[in-house]
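Undergrad: Structure below; questions to follow.
Any read-out appearing in this document is the output of simple, stated calculations on the displayed coordinates, not a laboratory observation. Keep in mind it's a predicted model, so treat the numbers as computed, not measured. No Cβ is skipped: glycine too gets one built from the backbone with ideal geometry, and neighbour counts run over all protein chains shown.
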Amino acid sequence: MVDTPDNDIEEQADVLVFGTGAAGLTAALVAASEGLDVKVFEKSALAGGTTATSGGSLWVPGAAPILQRTPDVGVEQARSYLLGELGDWVRHDLLEAFLGASPEAIDYLAQHSEVRFAHATNPDYHADRPFGSATGHAITALPFDGRMLGADFDRLKPPRAVFMVMGGMMVGRREIPMLLRPFSSVANFRRSTGLLARHAWDRLRYRRGTRLLIGNALVARYMYSLRQLGVPILYEARLIDLYQEGGRIAGAIIEKDGRRRLVKARRGVVLATGGVSHSVPLRSELMRGTRTNTRWPMKGRRVMV
């Protein structure tokens with residue numbers, strides 16, 4: 001950390017956010033929704049990080065989209081399930097904070113942005129154990145029309161190839177049987193031809209399909225919501241160091257286009273760049289009770305909640 005910048009280029013904002021995965025984008029969205037001036041910085045040329053290439057499901061017991069479909073599968077069942085799964089590994093304070101705040105967070109996003117979810121109906125990993133659920137506590141982002149992003153669509157990190165067919169068309173797992181058997185019913189035929197026609201039209205204008213699902217849809221919804229709030233995302237902007245002033249973190253030194261500049265933060269700096277799972281020193285410091293000297297630290301391990 002530096003106490004004084006090495007240049008005289010200076011900017012300010014209330015909150016600085018580093019990283020454009022779900023964590024960073026949520027922090028930026030909430031801060032902006034509460035009236036703060038926010039700047040988001042992304043090291044790469046594309047937004048989304050691993051969130052954009054993921055399945056995009058969130059495990060949120062008691063979330064409104066779940067209770068609307070399965071009102072009997074709520075927080076109490078999830079608490080009992082987790083207590084049985086974690087045993088002596090549980091941190092009761094963190095568990096209660098998670099169960100209490102998570103549904104509220106989803107409600108907040110629904111009220112203040114275009115970040116919307118549906119019940120994923122994925123079973124718990126151990127659905128056959130006591131208090132396990134066959135329909136689960138997971139939610140997933142609603143599909144999103146990438147055309148609504150305009151020029152920002154090219155800034156969205158593409159999904160993994162396994163989630164796409166025919167040169168970039170995203171397909172949900174429940175749509176695969178329909179596409180494999182388009183003539184099995186009139187409904188299947190109409191739906192299949194509709195998807196294929198839209199994708200063909202997309203490919204005349206875009207590098208890939210604009211019908212976005214799962215993690216790609218989640219990041220796109222954040223990007224669209226932040227644009228509505230006037231929050232800029234600065235790409236290829238690398239965090240060099242945190243700036244300290246009067247014994248507190250008061251900003252950061254950013255490098256962009258080969259130049260370094262100081263960006264001060266009146267209210268706070270959010271570091272949401274990930275990378276912990278790839279760093280042995282960070283795993284040793286932050287992930288107590290796990291193996292930290294292996295390539296895949298999470299494989300076959302339980303994580304303390």
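Undergrad: What Kirkwood Rh does the stretch 15-170 have if only Cα atoms enter the pairwise 1/r average? Answer in Å.
TA: 17.5 Å
Undergrad: Please list, in order along the stretch 78-87, the HN-Hα scalar couplings obtained from phi with the Karplus expression 6.51 cos²θ - 1.76 cosθ + 1.60 (θ = phi - 60°), rounded to whole Hz, x for Gly and Pro.
TA: 3J(HN,Hα) across the stretch 78-87, in whole Hz: 5, 4, 4, 5, 5, 4, x, 6, 8, x.
Undergrad: Something else now. Could you go through the stretch 53-64 in sequence order and give the Karplus-derived ³J(HN,Hα) for each residue, using 6.51 cos²θ - 1.76 cosθ + 1.60 with θ = phi - 60°, rounded to whole Hz, and x for Gly and Pro?
TA: 9, 9, x, x, 8, 10, 8, 10, x, x, 5, 3
Undergrad: Further question on the same structure: Evaluate E = 1/(1 + (r/R0)^6) for GLN228 and ASP128, where r is the Cβ-Cβ distance and R0 equals 30 Å; express this FRET efficiency to the nearest 0.05.
TA: Once rounded, the FRET efficiency stands at 0.10.
Undergrad: Another question, then. Starting at the first residue of the stretch 123-135, write each ³J(HN,Hα) from the Karplus equation 6.51 cos²θ - 1.76 cosθ + 1.60 with θ = phi - 60°, in whole Hz, x for Gly and Pro.
TA: Values per residue, Gly and Pro as x: x, 4, 4, 10, 5, 7, 8, x, 6, x, 10, 6, 9 Hz.
Undergrad: Take each of the peptides 38-45, 107-114, average the number of other beta-carbon atoms within 10 Å over its residues, and list them starting from the highest.
TA: Ranking, from highest mean packing down: 38-45, 107-114.
Undergrad: For every helix of n ≥ 4 consecutive DSSP H residues, a contribution of -39,500 (n - 2.57) applies; sum these over the chain, divide by its total residues, and give [θ] at 222 nm rounded to the nearest 500 deg cm²/dmol.
TA: About -10000 deg cm²/dmol.
Undergrad: Still on this structure, I have one more. Please list log₁₀ I(q)/I(0) at q = 0.08, 0.10, 0.11, 0.13 Å⁻¹ for the chain, using the Debye equation with identical point scatterers on the alpha-carbon positions.
TA: -0.44, -0.68, -0.82, -1.11
Undergrad: So, R0 is 25 Å and r is the distance between the beta-carbons of SER279 and HIS112; what FRET efficiency does that work out to, to 0.05?
TA: With a Förster radius of 25 Å, E is 0.15.
Undergrad: At 7 Å along Cα-to-Cβ for each site, give me the label-to-label distance between GLU11 and HIS92 in nm.
TA: So the label points at GLU11 and HIS92 sit 4.7 nm apart.
Undergrad: Something else: Give the long-range amide H neighbours of GLY132: residues separated by 5 or more places, or on another chain, with amide H under 5 Å away, using H modelled in the peptide plane at 1.01 Å from N.
TA: none
Undergrad: Based on the mean of other Cβ atoms within 10 Å per residue, sort peptides 272-285, 73-86 so the most packed one is first.
TA: 73-86, 272-285
Undergrad: Could you let me know the centre-to-centre spacing of the stretch 67-128 and the stretch 175-194, using Cα atoms, in angstrom?
TA: 34 Å
Undergrad: So, one more: Under 12 Å between alpha carbons, and skipping anything fewer than 8 positions from LYS43 in its own chain: which aspartates and glutamates qualify?
TA: GLU236, GLU255, ASP257
Undergrad: Using a Förster distance of 22 Å, how high is the FRET efficiency between ILE176 and ASP152, based on the Cβ-Cβ distance and rounded to 0.05?
TA: Computed FRET efficiency for ILE176 and ASP152: 0.15.
Undergrad: Continuing with this model, one more query. I'd like to compare 59-66, 124-131: which one has the highest average count of other Cβ atoms within 10 Å, and what's the full order after that?
TA: Going from most to least packed, we get 59-66, 124-131.
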